[in-house]
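Working notes for the structure below.
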Amino acid sequence: MKNIYKILIAFIGVLAVSCNADAVDERPILNVGTAPEITAPATGQAYVLDVEKAAEEVVKFTWSPAGYSTPVAVKYNLLIDKKGGDFKDAKTLQTTTNSITEVSVLTRELNQAAIDLGGQPEVAAQYDVKITANVSGAFSQVSKGLISITVTPYLGKVKYEFTDWYLIGAAVAGGWDNNVDTKHQPMFRDGKDDTKYKFVGYFKAGNFKLISVKGSWDSQLGKADDSSIEIKNNAGEFTIPADGYYNFQFNTKTLKYTLVPYTDAAAIAKLYDTVGVIGSSTPGGWDASTALDKSTFDKHAWSLGATNLNDGEAKFRANNAWDVSWGGTTAFSGGGTGDNIPVAKSKYAIYFNDLDGSYLMIPNQ
């Protein structure tokens, strides 16, 4: 009886193996079929991009679905390259999966792609657009043809090759929290020598150092000894002996620093109700100041979050009048003169110090 069971089990095993082999042989083979094709917009369309509509849809792309021999999950990539390019350095406008064969492209997305591909602000240029399809990274297809569009971008990014250093610690605004959203006071960089930094302002008794990227501890600047700085992870801390105003300066080339009390009592006592930025580059032009926010930590420190500025000029003034005003001759940072500051179109974070007229305007925010 046991032998009969053994024979029966063996027969069932052979049958199962035979069925599995048959199932493998009968599995569907995926073949590439019809390539997708962009159906809208029509080739030759022109788009003049408006920074005020950055978050709005500027164009909707639609295409016919890619064909495969069996139903599969398809991934589509909408690519753009400069006119006549080989798409090796193309930018991806949008990605979709499965049956989604249309996407809305925002103004800022098309603008940044054009800028990244070498487009010049306010200058029309032609670009090629195509759609690709693949299944799990394989079985790729490229659209039968491509369309050409003309794009006039606005300024996406201003060239800004500078390092900004932010005060952090118990002695300064923001404390030891390095969160990117925390109000950290940056140093003011010399407009003509980008190795020189200074800050004249209020410090509490305690220690501090500096970081170059808010939200990160990777790059630090701190005290090496009584006259030298060091730039490295876990840099040493500077010490403030008592609450008060100090003049802190350092040079990232010579690696030297000074930290001494600021003794201009008249300047410290002079307080302003408002300080604003004004000029042809600002929202109010030369007719109205755009108010900055006064620090709750230091009554002479002012700042303004990401703000659109146009090509033109700017300066700072107190109390919405021209009795007291400040300016400079250099873009991004400087101070100490009554000149108009040159400004390139971008969105800026703005910092200002009314004790010495120092300003810092960080673009691409």
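Summary table
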| item | result |
| --- | --- |
| Members of the range 345-360 found to be under 24 Å from Val180 (Cβ atoms) and either among the hydrophobic types (A, V, I, L, M, F, W, C) or out of contact with any strand residue (DSSP E or B) (no Cβ under 8 Å at 6 or more places or on another chain) (or both), listed by number | Ala349, Ile350, Phe352, Leu360 |
| Odd one out for Ser333 among (1) within 29 Å of the chain's Cα centre (by Cα); (2) open to solvent by 20 Å² or more (accessible area, probe 1.4 Å); (3) among the polar types (S, T, N, Q) | (2) |
| Identity of the residue in the range 193-226, within 18 Å of Tyr245 (Cα to Cα) and in a loop (DSSP other than H, G, I, E, B), that ends up most open to solvent (accessible area, probe 1.4 Å) | Lys204 |
| Members of the range 338-365 found to be polar (S, T, N, Q), more than 21 Å from Ser295 (Cα to Cα) and at pLDDT 95 or above, listed by number | Asn340 |
| Any hit, the range 137-159, residues being touching a residue at least 24 places away in the same chain (Cβ under 8 Å), under 18 Å from the mean Cα position of the chain (by Cα), open to solvent by 30 Å² or more (accessible area, probe 1.4 Å) and farther than 18 Å from Tyr47 by Cα | yes |
| Cross-chain or 6+ apart pairs with Cβ under 8 Å, the range 233-247 first and over 13 Å from Ile211 (Cα atoms) and touching a residue at least 24 places away in the same chain (Cβ under 8 Å), then open to solvent by 80 Å² or more (accessible area, probe 1.4 Å) and in a strand (DSSP E or B) | Gly244/Pro261; Tyr245/Pro261; Tyr246/Pro261; Asn247/Pro261 |
| Given (1) more than 23 Å from Ser333 (Cα to Cα); (2) open to solvent by less than 40 Å² (accessible area, probe 1.4 Å); (3) out of contact with any Phe, Trp or Tyr (no Cβ under 6 Å at 6 or more places or on another chain); (4) of a type outside the set (A, V, I, L, M), number of the condition Gly174 does not satisfy | (1) |
| Selected residue (only one of Tyr262, Tyr257, Tyr272 is closer than 26 Å to Gly174 by Cβ, open to solvent by 40 Å² or more (accessible area, probe 1.4 Å), over 29 Å from the mean Cα position of the chain (by Cα) and of a type in the set (Phe, Trp, Tyr)) | Tyr262 |
| Complete set of residues in the range 113-132 that are surrounded by 20 or more Cβ atoms within 10 Å (Cβ to Cβ) and without any contact (Cβ under 8 Å) to a residue 40 or more places away in the chain | Ala113, Gly119 |
| Single condition Ser358 does not satisfy, out of (1) surrounded by fewer than 23 Cβ atoms within 10 Å (Cβ to Cβ); (2) touching a residue at least 40 places away in the same chain (Cβ under 8 Å) | (1) |
| Sole exception among (1) farther than 23 Å from Leu304 by Cα; (2) modelled with pLDDT under 95; (3) in contact with a strand residue (DSSP E or B) (Cβ under 7 Å, 6 or more places away or on another chain) for Lys214, by number | (1) |
| Selection count, the range 311-329, where residues are buried (at least 18 other Cβ atoms within 10 Å of the Cβ) and either among the aliphatic types (A, V, I, L, M) or not in a strand (DSSP E or B) (or both) | 3 |
| Lone qualifier among Ala235, Ala242 - being of a type outside the set (Ser, Thr, Tyr), touching a Lys or Arg at 6+ places or on another chain (Cβ under 6 Å) and either part of a loop (DSSP other than H, G, I, E, B) or surrounded by 15 or more Cβ atoms within 10 Å (Cβ to Cβ) (or both) | Ala235 |
| Residue match in the range 178-190 (condition: under 28 Å from Ala266 (Cα atoms) and among the polar types (S, T, N, Q)) | yes |
| Only one of Tyr160, Tyr154, Tyr166, Tyr127 that is in contact with a His (Cβ under 9 Å, 6 or more places away or on another chain), hydroxyl-bearing (Ser, Thr, Tyr) and within 30 Å of Tyr348 (Cβ to Cβ) | Tyr166 |
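Every residue, every condition in (1) modelled with pLDDT of 95 or more; (2) closer than 16 Å to Ala267 by Cα, yes or no:
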residue	(1), (2)
Phe297	yes, no
Ser303	yes, no
Ala306	no, no
Gly312	no, no
Lys315	yes, no
Ala318	yes, yes
Ser325	yes, yes
Gly328	yes, no
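The values are calculated or read from the model by the stated rules, or taken from the named source; none is laboratory data. What you see is a predicted model; the values in this text were computed from it and never measured. Positions of Cβ are backbone-derived with ideal geometry, glycine not excepted, and every protein chain shown enters the neighbour counts. What goes into the accessible areas is simple: the full protein's heavy atoms, side chains included, and nothing from ligands, DNA or RNA. Shrake-Rupley method; radii C 1.70, N 1.55, O 1.52, S 1.80 Å.
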